[in-house]
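The values are calculated or read from the model by the stated rules, or taken from the named source; none is laboratory data. Computed from a prediction, not measured in an experiment: that's the story for all the values here. Cβ placement follows ideal geometry from the backbone for every residue including glycine, while neighbour counts extend to all protein chains displayed. Areas reflect the complete protein model, heavy atoms only, side chains present, ligands, DNA and RNA absent. Shrake-Rupley method; radii C 1.70, N 1.55, O 1.52, S 1.80 Å.
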Amino acid sequence: MDSLESTERMAREQDRQVTDVVSREESRLRSFIRRRVPDAADAEDVLQEVFHELVEANRMLVPIEHVTGWLFRVARNRITDLFRRKRPERLDEAA
């Protein structure tokens, strides 16, 4: 077997692992986010951002020991980012 075949097989295995994680954790993660983000569209955006970050971490071969905890930590961080972006501007900041 040449290295190209080996690389392709490893990439397929990584894709399968990501798909398994998304299937297993999507419902719990969506519920977690929806309890904290009132707007359904914003909550769905946060969920997609979390899974996008998982795919990117997987591509970059970032070691993730406890994927469930990692996903929820990323979700909390993205929720915080969302509220920072949507925070109303204070009057003294506008001046």
Tally the residues that are surrounded by 14 or more Cβ atoms within 10 Å (Cβ to Cβ) and of a type in the set (S, T, N, Q), restricting the search to the stretch 46-59. 1
Please work out which residue is modelled with the lowest pLDDT, limiting yourself to the stretch 46-85 and to residues that are within 14 Å of the chain's Cα centre (by Cα) and of a type in the set (K, R). R59
All but one of (1) touching a helix residue (DSSP H, G or I) at 6+ places or on another chain (Cβ under 7 Å); (2) open to solvent by 70 Å² or more (accessible area, probe 1.4 Å); (3) not β-branched (V, I, T) hold for L82; state the number of the condition that does not hold. (2)
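Assess whether T80 counts as being in a helix (DSSP H, G or I), free of Cβ contacts under 8 Å to residues at least 24 places away in the same chain and either touching a strand residue (DSSP E or B) at 6+ places or on another chain (Cβ under 9 Å) or of a type in the set (V, I, T) (or both).
Details: in a helix (DSSP H, G or I): yes; free of Cβ contacts under 8 Å to residues at least 24 places away in the same chain: yes; either touching a strand residue (DSSP E or B) at 6+ places or on another chain (Cβ under 9 Å) or of a type in the set (V, I, T) (or both): yes.
Answer is yes for this residue.
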As an exercise: evaluate H66 against (1) free of Cβ contacts under 8 Å to residues at least 24 places away in the same chain; (2) within 27 Å of K86 (Cα to Cα) and give the number of the one condition it does not meet. (2)
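Being assigned to a helix (DSSP H, G or I), without any contact (Cβ under 8 Å) to a residue 40 or more places away in the chain and of a type in the set (A, V, I, L, M, F, W, C) narrows it down to one of F32, F51, so name that one.
F51
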Among the residues of the stretch 38-45, are any more than 30 Å from E8 (Cβ to Cβ), open to solvent by 40 Å² or more (accessible area, probe 1.4 Å), of a type in the set (A, V, I, L, M, F, W, C) and modelled with pLDDT of 95 or more? yes
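Give the number of residues within the stretch 14-37 that are closer than 20 Å to T80 by Cα and either open to solvent by less than 40 Å² (accessible area, probe 1.4 Å) or touching a strand residue (DSSP E or B) at 6+ places or on another chain (Cβ under 6 Å) (or both). Before the answer, list the steps.
Here is the first cut: in the stretch 14-37, the residues closer than 20 Å to T80 by Cα are 26, 28-37.
So of that shortlist, the ones also either open to solvent by less than 40 Å² (accessible area, probe 1.4 Å) or touching a strand residue (DSSP E or B) at 6+ places or on another chain (Cβ under 6 Å) (or both) come out as 29, 32-33, 37.
So the answer is 4.
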